[in-house]
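Everything on this sheet refers to the single structure shown next.
Nothing in this text is a laboratory measurement; each read-out follows from the coordinates by a stated rule. What you are looking at is a predicted structure, and each value in this text was computed from that prediction instead of being measured. Positions of Cβ are generated from backbone atoms using ideal geometry, with glycine treated the same way; all protein chains shown enter the neighbour counts.
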Amino acid sequence: MVMCGQSIGRTNERQKVKTKRMVQIVVWEGKKYLVPFNLDLEIDKGKVVEVRNRFGGGRCALPWFAVAVYDMVIGAEMMQSWEDQRQGLDWFIKYFPNEYMVLLD
């Protein structure tokens, strides 16, 4: 299997492997949310968790699946996976705009 950015053959060519992302549907408080990452949504299922802004200290209560996306955004930033980070930020802007402003803007 060729990994992203791994050299193949005897040349310095690089091949990027695209993987399909599984979209998960979560229904919470009568609304459908399309979660853009393949995340384990069984952790803290059904709970609302308080999350603090790492820099300013602002707080928001998020449902368990939004916390999973938040963790993915922060992890993507740390790993410099800008496409994943952008996808997570866009998800927050769409589904949790007020929480985005407090936690991620």
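Evaluate the relative contact order of segment 35-103 (contact order divided by residue number), counting alpha-carbon pairs under 8 angstrom at least 6 apart; express in whole percent. Computed over segment 35-103, the figure is 32 percent.
P(r) for segment 35-103, from all Cα pairs and a bin width of 10 Å, is 22, 56, 22, 0 %, short bins first. Cβ-to-Cβ counts within 10 Å put LEU41, LEU103, LEU62 in ascending order as LEU41, LEU62, LEU103, the fewest first.
Loop-located trypsin sites (Lys or Arg not before Pro) in segment 22-65 (DSSP state not H, G, I, E or B) with no more than 16 neighbouring Cβ atoms inside 10 Å: LYS45, LYS47, ARG54. Loop-only chymotrypsin sites (Phe, Trp or Tyr not before Pro) in segment 46-105, please: DSSP not H, G, I, E or B, and at most 16 other Cβ atoms within 10 Å. Those that pass, being in a loop and sparsely packed, are PHE55.
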